[in-house]
Amino acid sequence: TWQLLAVQRWSERGSPLISTDMTGPTLVTGAAGFAGGHLLDLLAAEAADVVAWHRPNGSAPTGSPRLRWQAVNLLEREAVRAAIREIKPARVFHCAGAAHVGQAWDQTTDTLAVNVMGTQHVIDALRETHPHARVLIPSSALVYAPSTEALSENHTLCPPNPYGVSKLAQEMVGCGNLQRPRVWIARPFNHFGPRQDPSFVTAGFARQIAEIEAGHREPQIAVGNLEARRDLTDVRDTVRAYALIIERGTPERPYNVCSGRALPVGEILENLLSRARTRINVVTDPARYRPNDSPVVLGNHGRIRDELGWQPTVPLEQTLDDLLAYWRARVSDA
């Protein structure tokens, strides 16, 4: 499995993925979300002591008995402070936040509130009650100015949309503190895989294919801009990068998490359609186009590769197979 592969690669380096020289549990905010959920899988493989936060209006998923689920509203400053005081985490993976680029255009206030104020509350609570914790903030490639070139960490910072603005502000909240806690920054590009919400393009394609195969919809799939090229990384590689960054990276030094190649969205769709069990037509839906959609988002992962030894290990074919298998199972169980 991918978990065993990750642990094996670290065994070859003579080090565990998660160090054991820090006292206190690991806190994952947004643990019921896409990246957060896969991060829990990775931490469970390491037998880590984990506290997992989810939204108060949501339900805690079932999982490892070592997980302790808590409902915490990041916008309630005192609730965050009380929870941090009780947990005293050694490390925090701050995965909570508004994650959809397209929706941020219509929900700008909510996006800024959750991503910026929520982060501020976590940082303030740690500084006041447990300042020795390590904190990883997953930012975004969309903090960079648009470019057709491969983006390195030294590229100009100029977010092209409200989501990118919120992620850059999130970085500034984390790195703007003159005192502890220490903060590590990951800048993930597009990551995808099983369990992703279907409002994201690859998951949306896979769900539609699964529903068509099951006879739940007509044999056609609605698409937006298929010419856009995106740097895609399997989410399981992405969360492995998060663990590496917080354990071995340099505080406040951003690390791109990307594959180093940009594929057209249309090519991803073709690969998924080639796996479909029935013939499917493709139709264009103008409503699926985003304002100011960048034609290319391509990253340079030289820094994280050279400094931390990370590179993607999950093949695109496996990600697509796993993604379709997940949605076929979901549709079958519905």
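The values are calculated or read from the model by the stated rules, or taken from the named source; none is laboratory data. This structure is a prediction, so every number in the text was calculated from the model and none was measured. FYI the Cβ positions are ideal-geometry reconstructions off the backbone, even for glycines, and counts take in every protein chain you see. These accessible areas exclude ligands, DNA and RNA; they are computed on the full protein's heavy atoms, side chains included. Shrake-Rupley method; radii C 1.70, N 1.55, O 1.52, S 1.80 Å.
This table checks each residue for (1) assigned to a helix (DSSP H, G or I); (2) closer than 25 Å to Val331 by Cβ.
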position: Leu232; (1), (2): no, yes
position: Val239; (1), (2): yes, no
position: Thr250; (1), (2): no, no
position: Leu263; (1), (2): no, no
position: Arg277; (1), (2): no, yes
Select from the stretch 293-310 the residues that are surrounded by fewer than 19 Cβ atoms within 10 Å (Cβ to Cβ) and either without any contact (Cβ under 8 Å) to a residue 60 or more places away in the chain or in contact with a His (Cβ under 7 Å, 6 or more places away or on another chain) (or both) and write down the one among them that is farthest from Leu244 (Cα to Cα). Asp306
Any residue at all in the stretch 190-198 that is under 30 Å from Asn281 (Cβ atoms) and charged (D, E, K, R)? yes
Which of the residues belonging to the stretch 239-259 are under 16 Å from Ser152 (Cβ atoms), touching a His at 6+ places or on another chain (Cβ under 8 Å) and surrounded by 24 or more Cβ atoms within 10 Å (Cβ to Cβ)? Asn256, Val257, Cys258
Of all residues in the stretch 311-332 being closer than 30 Å to Pro251 by Cα and touching a strand residue (DSSP E or B) at 6+ places or on another chain (Cβ under 7 Å), the one that is surrounded by the most Cβ atoms within 10 Å (Cβ to Cβ): Pro312
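Filter the stretch 279-292 for residues that are assigned to a loop (DSSP other than H, G, I, E, B) and at pLDDT below 95; which is least open to solvent (accessible area, probe 1.4 Å)?
Going through the stretch 279-292, the residues assigned to a loop (DSSP other than H, G, I, E, B) turn out to be 279-280, 285, 289-292.
Retained after the next criterion (residues that are at pLDDT below 95): 285, 289-292.
On the way: Asp285: 49, Tyr289: 110, Arg290: 92, Pro291: 70, Asn292: 113 Å².
Per the criteria, the residue is Asp285.
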First in the stretch 206-230 and farther than 16 Å from Asn190 by Cα and open to solvent by 20 Å² or more (accessible area, probe 1.4 Å), second anywhere and assigned to a loop (DSSP other than H, G, I, E, B) and among the aliphatic types (A, V, I, L, M), Cβ under 8 Å, 6 or more apart: Glu213/Ala276; Pro219/Ile280; Gln220/Ile280
For the stretch 152-170 the number of residues that are open to solvent by 10 Å² or more (accessible area, probe 1.4 Å) and either touching a residue at least 40 places away in the same chain (Cβ under 8 Å) or within 17 Å of Ala228 (Cβ to Cβ) (or both) is 9
Can you find a residue in the stretch 3-21 that is closer than 30 Å to Ser199 by Cβ, at pLDDT 75 or above and not in a loop (DSSP other than H, G, I, E, B)? no
Output the number of the condition that Ile221 fails; it satisfies all remaining conditions of (1) on the phi < 0 side of the Ramachandran plot; (2) in contact with a helix residue (DSSP H, G or I) (Cβ under 8 Å, 6 or more places away or on another chain); (3) in a loop (DSSP other than H, G, I, E, B). (3)
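Tell me the residue from Val183, Val122, Val114, Val135 that is open to solvent by 10 Å² or more (accessible area, probe 1.4 Å) and either over 28 Å from Gly260 (Cα atoms) or in contact (Cβ under 8 Å) with a residue 12 or more places away in the chain (or both), please.
Numbers: Val183 fails: open to solvent by 10 Å² or more (accessible area, probe 1.4 Å); Val122 fails: open to solvent by 10 Å² or more (accessible area, probe 1.4 Å); Val135 fails: open to solvent by 10 Å² or more (accessible area, probe 1.4 Å).
Among Val183, Val122, Val114, Val135, only Val114 is open to solvent by 10 Å² or more (accessible area, probe 1.4 Å) and either over 28 Å from Gly260 (Cα atoms) or in contact (Cβ under 8 Å) with a residue 12 or more places away in the chain (or both).
So is Pro146 open to solvent by less than 30 Å² (accessible area, probe 1.4 Å) and either touching a Ser or Thr at 6+ places or on another chain (Cβ under 7 Å) or among the basic types (Lys, Arg) (or both) or not? Reasoning before the result, please.
Details: open to solvent by less than 30 Å² (accessible area, probe 1.4 Å): no; either touching a Ser or Thr at 6+ places or on another chain (Cβ under 7 Å) or among the basic types (Lys, Arg) (or both): yes.
It is false that Pro146 is open to solvent by less than 30 Å² (accessible area, probe 1.4 Å) and either touching a Ser or Thr at 6+ places or on another chain (Cβ under 7 Å) or among the basic types (Lys, Arg) (or both).
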What is the one condition in (1) in contact with a Leu (Cβ under 7 Å, 6 or more places away or on another chain); (2) touching a residue at least 60 places away in the same chain (Cβ under 8 Å); (3) more than 30 Å from Pro162 (Cα to Cα) that Ile246 does not satisfy? (3)
Take the residues in the stretch 255-274 that are among the hydroxyl-bearing types (Ser, Thr, Tyr) and within 20 Å of the chain's Cα centre (by Cα); name whichever of them is farthest from Asp237 (Cα to Cα). Tyr255
